[in-house]
1. Under the condition of being among the small types (G, A, S) and within 22 Å of B:A75 (Cα to Cα), which residue from the range B:149-206 is modelled with the highest pLDDT?
2. Scan the range B:53-101 for residues that are acidic (D, E) and within 7 Å of another protein chain (Cβ to nearest Cβ) and report the count.
3. Report yes if B:A106 is under 30 Å from B:V185 (Cα atoms) and touching an Asp or Glu at 6+ places or on another chain (Cβ under 9 Å), otherwise no.
4. Please go through the range A:107-137 and give me each residue that is more than 7 Å from chain B (Cβ to nearest Cβ), loosely packed, with under 13 Cβ neighbours inside 10 Å and either of a type in the set (A, V, I, L, M, F, W, C) or part of a loop (DSSP other than H, G, I, E, B) (or both), ordered by number.
5. Could you tell me whether any residue of the range A:57-72 is in contact with a Phe, Trp or Tyr (Cβ under 9 Å, 6 or more places away or on another chain), of a type outside the set (S, T, N, Q) and either in a helix (DSSP H, G or I) or free of Cβ contacts under 8 Å to residues at least 24 places away in the same chain (or both)?
6. How about the range B:1-42: which of its residues are exposed (fewer than 13 other Cβ atoms within 10 Å of the Cβ) and more than 16 Å from A:H47 (Cα to Cα)?
Amino acid sequence: MISIADASAKIGYHDEHTDFEADELFAFLLAKHHRHNHYASDAQRFHYKMARARQALSGICVAASVAGLLWAGTQIVDGVMYRQELAKTTELLATAEERNNAVQARLPQTDVTPEDMRFAVDAARQLRQKRQYPHDLLRVIGQELQQQTGLEIQRLDWFASNDLNAKVTPLESGVSEAADAVSYDENGEPVTAMDGDDDSIYQIVIIKGRVKPFEGNYSSAHEKIVDLLNRLRSSNIVVAEALELPLNTATSGRVLGSIGDEAKDQEALFTLRVVMGERHG
Amino acid sequence: MANAKQVYAELRQPLQRAGTLLAGLLILMVVSGLFNNQMNKSRQAAEQSFNGLVQDYRRALQSEQILLTETSRFAHLQAQGIVGPEPRLRWVQDIREVAQRVGLVAINYELEPRTPATLAIATGSYQLFVSLMRLKLELRHEGDLLRFINLLVERQGGLFELSACALSRMRDDEPTSLHASNIKVDCELRWYSLDSADSMPTGDAQ
């Protein structure tokens, strides 16, 4: 038997304020040799880790196999479907080739391609359609002039134009509308270079004449001209206007004249513009 | 190092099995992918050939239809001189004969060299040409001009367009004469023709 104090000294327990009871010694011994943790060490867990790694590998293999087989399956199914479509298309191709050969064989050989033939025929048709002749307009003017005596026509300029407001005949301007610039769209097709999309063609007549007989009565002369214009407007005429009247009564113009015997020598000249075409608006 | 060897020893067989499996899978995927791709390409090529052939077939049918409907019209245009070289001799002859028939007192004509026309009309591989003709006529009556135009149109010696005409009195204060010129007319005609684009004006006599 040894005393608790000896035992304490032996195990290295020193405490001045203790009575050296056995509980303290046990607690000291337990505290002296305590473990850092209660888990297994890496070495002890090696086989366990390997088992988990094999499981993970198996899982990956299964997942990859499923995904790969699914993908390969869809590819094969698609491929088989494509092959079936290919077979059908090949069959159709043979039929189409046969029909095409038959049509090509019965097509006559021509110097001009059918497309160019069609273009030529269409172009000629369009040119014919766009042609204008003065018959109708001159007839209307002639008829109305017969109704309105006292007006003598000295010159008559007829021309066709896309411009409703054109006042100068190509014969005077020397510019032919055929020479207008033409732009082309992205398909190489010509695009008419006109204002707006109106491709109407108007027949225009500039009438130069005089009031005859004229004895200096401008009021009467104007009445005759206005009457003619009103008659023309009631026909299928788009515009009938006076460009010049015997006496320029516009507030912006200058009025010249004389009253007396000299008035008899004066001429009552006028210029009218008459337009025939489709009425718009 | 020892640890690595141990790990390798433990996992060698499963790794080999997984590798074999994945390699097999990869081969299967590659083969199936190639099969699909090949079939798809073949199908697309066949469809493309089919579509091309169908287009050829349709074009041939259209050509056949055009030939059926337009050949005679086209031949007529060629005969009229609207397609091909300009029949200038015929134009001039027509003008002279028509003037004679109408009984024009005098006629003067001037035909300019043909130039490419810039009208907004699709002409395919053809080029639209225009030749400007200036006419100076002396008439007894304005109705003669209308008759002159009518007869010229009826002759169908070509495709022309009357672009402008100016009529003016020749005798200002004198009475109208039945046997002499009373009206002077200046007209501008444009003769149209379709020809190959490289057939620019030449000095060939016709």
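1. B:S193
2. Within the range B:53-101, residues that are acidic (D, E) and within 7 Å of another protein chain (Cβ to nearest Cβ) number 3.
3. yes
4. Result: A:Q109, A:D111.
5. We begin by selecting, within the range A:57-72, every residue in contact with a Phe, Trp or Tyr (Cβ under 9 Å, 6 or more places away or on another chain); these are none.
No; the residues of the range A:57-72 include none that is in contact with a Phe, Trp or Tyr (Cβ under 9 Å, 6 or more places away or on another chain), of a type outside the set (S, T, N, Q) and either in a helix (DSSP H, G or I) or free of Cβ contacts under 8 Å to residues at least 24 places away in the same chain (or both).
6. B:M1, B:Q16, B:G19, B:T20, B:A23, B:G24, B:I27, B:V30, B:L34, B:K41, listed by residue number.
Each row is one residue, and each column tells you yes or no for (1) within 30 Å of B:L145 (Cβ to Cβ); (2) over 22 Å from the mean Cα position of the chain (by Cα); (3) in a helix (DSSP H, G or I).
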{"residue": "B:S49", "(1), (2), (3)": "no, yes, yes"}
{"residue": "B:G52", "(1), (2), (3)": "no, yes, yes"}
{"residue": "B:T71", "(1), (2), (3)": "no, no, yes"}
{"residue": "B:D94", "(1), (2), (3)": "yes, yes, yes"}
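Conditions (1) assigned by TED's automatic domain parsing to the domain that holds B:D186; (2) in contact with a helix residue (DSSP H, G or I) (Cβ under 7 Å, 6 or more places away or on another chain); (3) not charged (D, E, K, R), marked per residue:
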site: B:K5; (1), (2), (3): no, no, no
site: B:G19; (1), (2), (3): no, no, yes
site: B:M29; (1), (2), (3): no, yes, yes
site: B:V54; (1), (2), (3): no, yes, yes
site: B:E110; (1), (2), (3): yes, no, no
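The values are calculated or read from the model by the stated rules, or taken from the named source; none is laboratory data. Computed from a predicted model, the values in this text were never measured in an experiment. Note: ideal-geometry Cβ built from the backbone for every residue, glycine included; neighbour counts use all protein chains shown.
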